[in-house]
Amino acid sequence: MQFKKEYANLTDSEKCRILKQYKLEIKYATKLKNTPNPERASLYKILYDDFYKKLPDNPIKLKTRNKNYVNERTQRQIKFLSPFLKQYTNFIEIGSGDFSLTISLSPYVNYIMGIDVSDENISDEWIIPKNVEIYIASDSTSMPNKNHFFHIAYSNQLLEHFHPEDLDIHLSNVYNLLKNKGIYVFQTPHKFFGPHDVSKFFHNEAVGFHLKEYSNLELYLVLNKAGFRRIKLLTGIKGHRIYLPIQLSIIVELFLSIFPYSLKKYLSLLTIFRKFINGHVIATK
């Protein structure tokens with residue numbers, strides 16, 4: 001383990017918390033990686049619940065306690081999703097976390113379900129509207145028995161937490177949940193900018209709870225395998241939405257991939273390249 005500049009810039013108390021978080025994530029991530037299915041599927045819930053209990057001051061927990069942060073994040077997500085929503089829309093959010101978005105979207109859709117493996121981040125203050133259903137999954141890949149029911153599936157910062165083998169299961173399950181021409185809208189950290197978990201303080205690749213971070217080429221291959229046929233990258237410039245064929249993003253990635261880690265990361269963060277490879281994936285059934 002090396003200490004990167006990101007770690008050196010922390011305060012002493014932050015360094016102490018980050019080291020504790022790092023050790024926990026490495027321990028649990030290693031266990032997830034080395035445990036075969038079907039045992040692994042139920043292990044996610046156990047380990048995440050234990051993680052939140054052992055590290056109550058983790059960044060996710062602290063953010064969910066900040067009402068201003070939760071409200072700003074939720075309103076930003078609603079603004080992004082609103083062009084996709086109709087009053088007849090059946091919507092499912094996967095990896096809902098504190099379920100703030102699930103509940104806040106209820107006035108915009110016909111029916112909405114939020115799914116997560118942990119209920120540790122749900123606020124006691126939430127009042128659940130009639131068209132909202134909260135689903136606490138027993139394992140990482142379980143889905144409700146609602147095949148061909150949803151118009152839109154949505155996740156944010158979720159796919160990187162799956163074991164690669166479980167991602168195949170997840171995408172197949174989402175595909176089955178969607179109606180014909182339904183869409184899966186998601187964002188996951190791009191590997192060229194990473195790592196994005198606690199690993200960023202010590203490593204050049206994710207080794208914590210981000211079991212794998214992806215390029216758009218890798219996402220295209222697993223989505224295609226699950227049955228999705230039309231796959232685009234939604235990015236934007238100066239407030240304007242731009243839908244790119246994901247193949248264009250892949251071409252840019254192949255160019256960037258010839259460079260060593262530091263230079264690749266630097267180039268990838270430049271606007272001219274970042275706008276071509278970073279954004280929300282829109283996969284149509």
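Odds and ends about this structure:
- Any hit, region 86-93, residues being under 20 Å from the mean Cα position of the chain (by Cα), among the β-branched types (Val, Ile, Thr), at pLDDT below 95 and buried (at least 18 other Cβ atoms within 10 Å of the Cβ): no
- Scan region 233-285 for residues that are part of a helix (DSSP H, G or I) and not small (Gly, Ala, Ser) and the total you get is 24.
- Evaluation of Asp57 against the conditions (1) charged (D, E, K, R); (2) at pLDDT below 85; (3) part of a helix (DSSP H, G or I); (4) surrounded by fewer than 16 Cβ atoms within 10 Å (Cβ to Cβ) shows that the sole unmet condition is (3).
- Sub-8 Å Cβ pairs linking a first residue in region 10-36 that is within 17 Å of Phe162 (Cα to Cα) and among the β-branched types (Val, Ile, Thr) to a second residue that is assigned to a helix (DSSP H, G or I) and at pLDDT below 95, at least 6 apart or interchain, are Thr35/Leu43, ordered by first then second residue.
- Sole residue being under 23 Å from Leu55 (Cβ atoms) and either aromatic (Phe, Trp, Tyr) or in contact with a Cys (Cβ under 9 Å, 6 or more places away or on another chain) (or both), chosen from Phe150, Phe99: Phe99
- Hits in region 158-186 (condition: in contact with a Leu (Cβ under 9 Å, 6 or more places away or on another chain) and either free of Cβ contacts under 8 Å to residues at least 40 places away in the same chain or under 18 Å from Asn216 (Cβ atoms) (or both)): Leu159, Glu160, Phe162, Pro164, Leu167, His170, Leu171, Tyr184, Val185, Phe186
- Boolean, Val222 is part of a helix (DSSP H, G or I), among the hydrophobic types (A, V, I, L, M, F, W, C), at pLDDT 95 or above and touching a Pro at 6+ places or on another chain (Cβ under 9 Å): yes
- Options Ser142, Ser96: the member that is in contact with an Asp or Glu (Cβ under 6 Å, 6 or more places away or on another chain), in contact (Cβ under 8 Å) with a residue 12 or more places away in the chain and closer than 29 Å to Pro36 by Cα: Ser96
- Enumeration of residues in region 246-266 that are within 21 Å of the chain's Cα centre (by Cα) and either surrounded by fewer than 14 Cβ atoms within 10 Å (Cβ to Cβ) or free of Cβ contacts under 8 Å to residues at least 40 places away in the same chain (or both): Ile246, Ser249, Ile250
- Boolean, Ser155 is hydroxyl-bearing (Ser, Thr, Tyr), more than 23 Å from Arg73 (Cβ to Cβ) and out of contact with any Leu (no Cβ under 9 Å at 6 or more places or on another chain): no
The values are calculated or read from the model by the stated rules, or taken from the named source; none is laboratory data. In this text the structure is predicted, and so the values were computed from the model without any measurement. For neighbour counting, all protein chains shown are included, and Cβ atoms are generated from backbone atoms with ideal geometry for every residue, glycine included.
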